[in-house]
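Asker: Quick one: the structure is below, and I'll ask about it shortly.
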Amino acid sequence: LEHRILDLGAGRGRVPEMNFRGLAREVVGIDPDPCVRENPFLDRAVVADDPRAPLPFDDASFDVVITCNVLEHVSDPAALFAEVRRVLRPGGWFISKTPNRGHYVALIASVTPHRFHEWVNERRGRASADTYPTYYRANSRGAVRALAEGAGFAVELATTW
């Protein structure tokens with residue numbers, strides 16, 4: 001229980017597999033949506049008032065940074081990877097799960113307007129306000145590798161792409 005974890009794009013805590021409370025010294029979540037304050041999986045919630053601003057954490061303050069279905073929503077992934085690198089301690093881990101750019105859902109999403117995504121999610125029982133713009137700039141093996149290496153990470157990619 002010595003590690004500090006940053007859940008980047010933590011949201012309201014819908015995914016039980018993202019519950020690391022009790023497995024680390026502290027689990028901090030950050031999200032531009034104030035709903036992050038409702039996330040039961042966090043020890044501390046931070047609202048990112050400007051998601052383009054630097055992360056409001058000291059250098060080398062986390063052992064692990066995780067994202068789950070976040071990278072597809074990032075308009076400037078190079079800046080995000082650099083910030084993640086900055087807040088990670090030496091030897092820390094950045095672990096991210098994100099949809100593959102070549103998957104049919106991502107392909108359809110990239111050629112349909114945002115309002116269509118809101119409409120689909122409303123039909124699935126999700127509020128349209130919980131539907132965020134997608135950019136898919138960090139959602140291929142090559143893009144992730146280039147962004148990570150550009151930020152100074154050693155890269156290990158899953159083979160399930």
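The values are calculated or read from the model by the stated rules, or taken from the named source; none is laboratory data. The structure presented is a predicted model; accordingly, all values stated were derived computationally and were not measured. Counting neighbours? That spans all protein chains shown, and the Cβs are built from the backbone with ideal geometry, glycine included. When the accessible area is computed, the model is the full protein with side chains, heavy atoms only, and any ligands, DNA or RNA have been set aside. Shrake-Rupley method; radii C 1.70, N 1.55, O 1.52, S 1.80 Å.
Asker: Using the Karplus equation 6.51 cos²θ - 1.76 cosθ + 1.60 (θ = phi - 60°), what ³J(HN,Hα) coupling, rounded to whole Hz, does each residue of the range 58-72 give in order, writing x for Gly and Pro?
Answerer: 5, 4, 6, 9, 10, 8, 9, 10, 10, 9, 10, 6, 10, 4, 5
Asker: Moving on. Give me log10 I(q)/I(0) at q = 0.21 Å⁻¹ for the range 20-70, Debye formula, one equal scatterer per alpha-carbon, no solvent.
Answerer: The Cα Debye sum returns log10 ratios of -0.84.
Asker: Still on this structure, I have one more. Send over a whole-number figure in Å² for the accessible area per residue of the range 11-55, probe 1.4 Å.
Answerer: 60
Asker: Nearest 20 debye, what's the magnitude of the dipole of the chain about its Cα centre given +1 on Lys and Arg Cβ and -1 on Asp and Glu Cβ?
Answerer: With only Lys, Arg, Asp and Glu charged at Cβ, the dipole is about 460 debye.
Asker: Let me ask you something else. Name the GluC sites (Glu not before Pro) in the range 54-161 that are in a loop by DSSP and that have at most 12 other C-beta atoms within 10 Å, would you?
Answerer: Hits after loop and neighbour filter: Glu156.
Asker: Go through Arg21, Arg123 and list them by solvent-accessible area, largest first, probe radius 1.4 Å.
Answerer: So the residues, ranked largest to smallest area, are Arg123, Arg21.
Asker: Further question on the same structure: In whole percent, and with a 1.4 Å probe on the protein chains, what portion of the accessible area of the chain is carbon and sulfur?
Answerer: Carbon and sulfur together cover 55 percent of it.
Asker: Another question, then. Taking H placed 1.01 Å from N in the peptide plane, check which residues at least 5 places from Ser96 or on another chain put their amide H under 5 Å from its amide H.
Answerer: Distant-sequence amide H within range of Ser96: Thr67.
Asker: Could you go through the range 130-138 in sequence order and give the Karplus-derived ³J(HN,Hα) for each residue, using 6.51 cos²θ - 1.76 cosθ + 1.60 with θ = phi - 60°, rounded to whole Hz, and x for Gly and Pro?
Answerer: After applying 6.51 cos²θ - 1.76 cosθ + 1.60, I find 8, 10, 9, x, 10, 10, 6, 9, 9 Hz.
Asker: Please give the calculated 222 nm ellipticity per residue for the chain, where each DSSP H segment of at least 4 residues contributes -39500 (n - 2.57) and the sum is spread over every residue; nearest 500 deg cm²/dmol?
Answerer: That comes out to -7000 deg cm²/dmol.
Asker: Sticking with this one: If I model a spin label as a point 7 Å beyond the Cα along the Cα-Cβ vector, how far apart are those points for Val15 and Arg124 in nm?
Answerer: 1.2
Asker: Let me ask something else. For Arg145, Arg25, what's the largest-to-smallest order of accessible area, 1.4 Å probe?
Answerer: Result of the area sort, largest leading: Arg25, Arg145.
Asker: Using the crude model of +1 on Lys and Arg Cβ and -1 on Asp and Glu Cβ, and no other charge, please compute the dipole size for the range 18-99 relative to its Cα centre, in debye to 20.
Answerer: Dipole about the Cα centre, nearest 20: 300 debye.
Asker: Out of (i) 43, 35, 29; (ii) 43, 41, 25; (iii) 67, 45, 18, which label holds the value of Cα extents along the principal axes in Å that was computed here?
Answerer: (i)
Asker: Same structure again: When ranked by the protection proxy of mean other Cβ atoms within 10 Å per residue, highest first, what sequence do the peptides 131-138, 63-70, 106-113, 95-102 form?
Answerer: Top of the packing list down: 63-70, 131-138, 95-102, 106-113.
Asker: I need the per residue convex hull volume for the range 79-161, using only the alpha carbons, in cubic angstrom as a whole number.
Answerer: Taking the convex hull of the Cα positions in the range 79-161, it is 123 Å³ per residue.
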